[in-house]
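The values are calculated or read from the model by the stated rules, or taken from the named source; none is laboratory data. Since the structure is predicted, the reported quantities are computational estimates derived from the model, not experimental observations. Cβ atoms come from the backbone with ideal geometry, glycine included; neighbour counts cover every protein chain shown.
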Amino acid sequence: MSEIEVASGTATAVELAPGERLTIETPHGDQGGDLSFAEFDQALTRNVNGIERFGFPRLVFHVSDGMRLVDGEGETVMTVGPARGVSSIDIMLPGCWRELYPDGRPGCRDLISAALGIPRGELKGMLSFFTAYRAGQDGYDGLLGAQLRPGDFVSFRAVRAVRVAVSACPDLEVPGWREGPLLVRRG
């Protein structure tokens, strides 16, 4: 098993073989972030899991244990779980980007695309973890204060070989997040 510490405002990429697990932990209960891979289709993932959960096309806002992350063909690339904590694994938000910040710091889309070695415009989907959300008739707020505890984690299992990138979000304005590392384990 290998472990990488990812500092706030940075990202790392990890190669996974079929059957390997990726676990992301907030060791001090501070930090959230994003995950993606080049083939990740965020919209199709929402729909595929909605159909599987409800029996008809219905979008889901977040994924949980046993759900799938799919590519543009609807093929499973990774499965979700287990996870520990009360926060959500959001698949609605697109991830932050440089243009959102007056100081021009790179956002999670910038960090993850760089870690994957692909242009930001080719990144199709993002998954945000350690978030809290509220959905209403007029909108979706995925950046409510998450109640993080030291040791909370999310994990994913590769179904096929995949290069995955994980960012520790540079956006410290999200309620409940403070600057701190994430631990990324492969094994």
Query raised in the report: Just to be sure, is VAL174 at pLDDT 95 or above and either within 15 Å of THR12 (Cα to Cα) or aliphatic (A, V, I, L, M) (or both)?
Result: no
Query raised in the report: Among the residues of region 101-113, is any at pLDDT 95 or above, under 13 Å from the mean Cα position of the chain (by Cα) and of a type in the set (Lys, Arg)?
Result: yes
Report summary line: Taking region 47-72 and keeping residues without any contact (Cβ under 8 Å) to a residue 12 or more places away in the chain, small (Gly, Ala, Ser) and over 26 Å from LEU144 (Cα atoms) leaves GLY55
Query raised in the report: Picking from PRO57, PRO82, which residue would you name as being surrounded by fewer than 17 Cβ atoms within 10 Å (Cβ to Cβ), more than 13 Å from the chain's Cα centre (by Cα) and either modelled with pLDDT of 95 or more or part of a strand (DSSP E or B) (or both)?
Result: PRO82
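With LEU93, LEU148 as the choices, which residue is touching a strand residue (DSSP E or B) at 6+ places or on another chain (Cβ under 7 Å), assigned to a loop (DSSP other than H, G, I, E, B), buried (at least 18 other Cβ atoms within 10 Å of the Cβ) and free of Cβ contacts under 8 Å to residues at least 60 places away in the same chain? Walk me through it before giving the result.
Values: LEU148 fails: free of Cβ contacts under 8 Å to residues at least 60 places away in the same chain.
Being touching a strand residue (DSSP E or B) at 6+ places or on another chain (Cβ under 7 Å), assigned to a loop (DSSP other than H, G, I, E, B), buried (at least 18 other Cβ atoms within 10 Å of the Cβ) and free of Cβ contacts under 8 Å to residues at least 60 places away in the same chain holds for just one of LEU93, LEU148, which is LEU93.
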Report task. Restrict the check to region 117-131 and report whether at least one residue is under 17 Å from GLY85 (Cα atoms), in contact (Cβ under 8 Å) with a residue 40 or more places away in the chain and basic (Lys, Arg). Result -> no
Query raised in the report: Going by the structure shown, is SER128 under 21 Å from ALA7 (Cα atoms), modelled with pLDDT of 95 or more and among the polar types (S, T, N, Q)?
Result: no
Requested in this report: Scan (1) within 13 Å of the chain's Cα centre (by Cα); (2) at pLDDT below 95 for the single condition GLN42 breaks and write down its number.
Outcome: (2)
Report task. Would you please list the contacts, defined by Cβ atoms under 7 Å and residues six or more apart or on different chains, that run from a residue in region 21-37 that is closer than 14 Å to LEU172 by Cα to a residue that is buried (at least 24 other Cβ atoms within 10 Å of the Cβ) and aromatic (Phe, Trp, Tyr)? Result -> ASP30/TRP177; GLN31/TRP177; GLY32/PHE129; GLY32/PHE130; GLY32/TRP177; GLY33/PHE129
Query raised in the report: Looking at ASP41, is it touching an Asp or Glu at 6+ places or on another chain (Cβ under 7 Å) and of a type in the set (D, E, K, R)?
Result: yes
Query raised in the report: Does PHE129 fit the bill of being under 28 Å from GLY187 (Cβ atoms) and assigned to a strand (DSSP E or B)?
Result: yes
Query raised in the report: Does VAL77 satisfy the condition of being touching an Asp or Glu at 6+ places or on another chain (Cβ under 6 Å) and crowded, with 20+ Cβ neighbours inside 10 Å?
Result: yes
